[in-house]
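Please treat every number below as a calculation from the coordinates, not as lab data. These numbers come from a predicted model, not from an experiment. Because the Cβ atoms are built from the backbone with ideal geometry, glycine has one as well, and the counts that use them run over all protein chains shown.
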Amino acid sequence: MSTWTLALDESGRFEGAAVAGEKAERRGYVVGGVLFPKAASEVEKAWRDGFGRQCRDVGGRYPPHSNELGLGQTEMLRARATAELKAVDGIWLFLVDEPDADRSPDAAWTRYVRMLGELVDLAARTVALRGGRRLDVLPAQRSVPLDPAQEASAATAGEAVEGPDGPRLRTLSAVEVRHTLEAVRREDVGWSLPYPETGTIDVVSAGSGAVHPGVAFADLGCNHVWRSMKAPDAMVGLVDDLGGAERVWIVERSETRRLREIDRAVRDTPPDLVRAARHVAALAGRSASAGTASVAARLWTDATGALPKRVEKDRHWPALGRALAGQAEAVLSIKGGAYEGLWLALRATWLGATPLAEGTRSAAPLELQAQLWRLTMECANHRGDTTTAIDAARAAEAVFDGARSFRLLAERQQVSNLAVVQLQNELPAPEADVDRIREDLLQYTEHLLEAAEETGALLGMAFEETDEPTSVTPDESERKLWGAAEREPSFAPPDIERGRLYGTAARSHAFLGDLDRAFELAMQARSFFWGSSFDLSFNASVIARIELERARCGELRQERLSAALELAGVHRVRKLSRVIEALQRGDHGARFAFDVLLRTLAWAPAATDVSIDTWVPALADDKLLGMLANGELRSHPTELIARHAGELLLAQGKEQAARRWLDLSVELCEQAPPGTLRRLGHFSRLLRDADPTSGQGPPGSLTNPSFEYR
C-alpha cells in the first residue's frame, strides 16, 4: 500500500491581541508543511540523524524554532529540509489567509481549526490523484489564548488548558483531521482513483524533542511563508528558496473551494472535464494568486493523468467522448465569450498527444469524431485561433470523406459555416494580404448561401412544404425593427441552423463593407429564428453592429439602430450596477451587449437615451476593469470593451483612465494565441500611443479594422 505523510505546523497571530501585552499582528495566517510519498517512520531516523545533527550544530538544539535563530541559520536549515524533501519526491504545501477586519469574534480560535481541515482536505485529494492509498498526518499541537468572553463559547471546541498567560483552548487536531479524511472518503470516486485511507494521526508539540523532523520542516516553512507575506515580491524568491514551483504549493484559502470542485468535477460520472477545466481557467488574471493558479494546473494534470487506466479498464472511452461533446455543446451554445476552460478540456481530452486524448480519439465512432472536430473548430474560432480551426476542419473533412449519413451531412453543413467564420477571422490582416482574403471570403460566402438554398430545397422535399410564412404575432419591438426596414414582419418555419448560415453570410458582407447586403441577409436569417429568443437576440446584436459600422462611417439610420438595440437587450446593461450584477452571476455574454452600448455611445449617441455623462465616471473607476481582467473574462469581448472604453475616455479627456483600459486591451491581445486577437493588438497599441496611422489604410488592415473587430 502506498502511504503518504502530511506533517504540518502554523504561523501567524491567530489569536490577535489575546496574549497579554502583545500587539495584534495583521499580516496574515499560514497553515502548512510537507507532503511526501513515504510513511513517516520510513524517513524519521535518516532525517533525525542528518537534519537533527545540523540543527544542533547551527542552533544548539533539536527541534529548532526559527523565531529563535538568525537569518543565516534558518536559511541553512531550510536548505537542508528542502534537499531532504526533494530526495523523497515530496512537496511543500501551505494554505494562506489574509487578515479580515469583518471576521467574527470567534475567528481567533476557529480560524486555525478550519484552515487545518481545509489543508488536510486538499492533501487527501492530491494524494489520491497521485496514487496514494493511505495518509498519515502529523500536526503540531496548537493552543489558542482566550479572553473571558470567549471561554464559554469555546468550551465545546477543544480541550481547556491553563497557560502562562491565562486560559487557552487546545484544539482537538486529531479529531478534526480524522473528521476531514472520513468526509473526503465518503465522496463519490467516479472513474478516478480512490481517496486514501486514514493512517496514523500523531499530534505532538513542535517544541518536543520527540517531534518528527517533518514537523520541524513545517515550522521552518510556515515561518518563512508568513514573513514573506508582508512583501508580495518576496513570495517569488520564497518559491525558489524552497525548491522551485514544482515543489512549492501555496494556496489562498479563499480558493480552496474551487480546488475541491476541480477534483469533484473530474469524479462525476461521467467526468465533467469542462467544468473542472473552467475552474482552472477562472484562476487566470491580474488579481489571481500565481501560487493557487499553479496548484490548480497541477491538480488538473494529475486528475487527467489518472483517468486513462480506469477508463481503459472499464471500457468507458466512448462515454467519455460523448460526455465531452455534450459539455462542449452546452458551453458553446450560450455564446458567452468565455472559452479558455473549454479549450483546456478539449486539448487534454481530444486534441493532445496524451493517453487521455489518444484513447478518446481512438474509440470515438465517426459521428462523434465529426462532432468533436466541429466543436474544436467552433471553440478555436471564438478564440481567434485560425491555425487550429483550419486543422480541425481538415480532420472533420477526412471523416466526411470516409462515410455517409444524415448526421454527418448536418455536421458537414455546420463545418462549412464555421469555415467561413474562420476566414472572417483572418481579418484584420497585413495590408498586402487584405485583397486576397476579401476575395476568398466573398467566394466562400457565396458557396455558403448556395448551401443554405440547397438545404431549404432538401427540407422542402422531406417535409412536403416550402418556406411559406408562418403565422406569428410579433411584439411591438419586433414590429419597430421590421418597420424600420420598410417591410412587414415575415417568419418562415423555424430552422435555426439554416438561419445561422444566412447570419454568417451577413457578417461576411459587413466585413467586406457591403452593409446593405449584410442587413438584408441578417433580416433573412432572422426570419428563421422565430421561437428561439436566444437566436433572435443574438441576431439583433449582429444587426446593431452592422448599423453601428454604418454610423461610424458617417451614415446613421437611427430608427433601425434603436430598434435593434432594444431587441439585443442593451437596456439590461445601461447602468454599471447591472453590468457588475450580470458578471457576478456568471452571465459572461452580457459583455457583448455592453460592448454594443459603448460603440453606440461612441459612434451613434443619438440612437440611445443612455447618457455618456453617466458612464465616464463609471469607466474611470477601476472596479469594472478589475473584474474583467481576471479568469475566463480575459477573452475577446473583454478586449473589445477595453478598447472602446479607452476610446470613449480619450474623447472625454480622461487620458489616464483611458490608458488603463487600453493597456488591458493590449495585454489581452499579447497573451492570446496566434490569430485574430493577437493581430488586433497592433491597432490597440496605435490607439493607446496616439499614433496617427490608426484608422488609416484599407478597411480590414491591421491599422484599420472594420465591422465587429473595429
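Structural remarks
- Förster radius 56 Å - calculated FRET efficiency between Ser477 and Ser405, Cβ distance, rounded to 0.05: 0.85
- Cα Rg, Dmax, the chain, angstrom units: 30.1, 95
- Across the options Asn417, Ser208, Gly586, the greatest Cα extent toward the positive end of the charge dipole of the chain (unit charges at beta carbon of Lys, Arg, Asp, Glu) belongs to Ser208.
- Across the chain, Cα pairs under 8 Å and at least six residues apart give a relative contact order of 11 percent.
- Contour minus Cα-Cα distance for Cys553 and Glu329 (0.36 nm per residue): 77.0 nm
- Cα-centred dipole magnitude for the range 324-412, charges only on beta-carbon of K, R (+1) and D, E (-1), debye, nearest 20: 100 debye
- Fraction of the pair-distance distribution of the range 372-521 above 25 Å, Cα-Cα pairs, percent: 39 percent
- For the chain, the dipole from Cβ point charges (+1 on Lys and Arg, -1 on Asp and Glu) about the Cα centre works out to 1580 debye, to the nearest 20.
- Dipole of the chain [Lys/Arg +1, Asp/Glu -1 at C-beta], most positive-end residue of Thr349, Pro139, Tyr29: Pro139
- Positive-end extreme of charge dipole, the chain - chosen from Gly336, Ser192, Ile543 (charges on Cβ): Ser192
- Cβ-derived FRET efficiency at R0 22 Å, Glu439 paired with Thr387, nearest 0.05: 0.55
- Set Lys230/Lys654; Lys309/Lys335; Lys335/Lys480; Lys86/Lys230; Lys45/Lys86; Lys335/Lys654 screened for pairs whose C-alpha atoms are more than 24 Å apart: Lys230/Lys654; Lys309/Lys335; Lys335/Lys480; Lys86/Lys230; Lys335/Lys654
- R0 of 25 Å, Cβ-Cβ distance Ser532-Lys313: FRET efficiency to nearest 0.05: 0.05
- Label point 7 Å beyond Cα of Glu44 along Cβ direction - residues of the range 198-228 with amide nitrogen under 20 Å: 198-220
- Ranked by the mean number of other Cβ atoms within 10 Å of their residues, highest first, the peptides 402-408, 568-574, 476-482 come out as 568-574, 476-482, 402-408.
- Relative contact order (percent, whole number), the range 290-366, Cα cutoff 8 Å, 6+ residue spacing: 35 percent
- The GluC sites (Glu not before Pro) of the range 481-521 that DSSP puts in a loop, and whose beta carbon has at most 15 other beta carbons within 10 Å, are Glu486.
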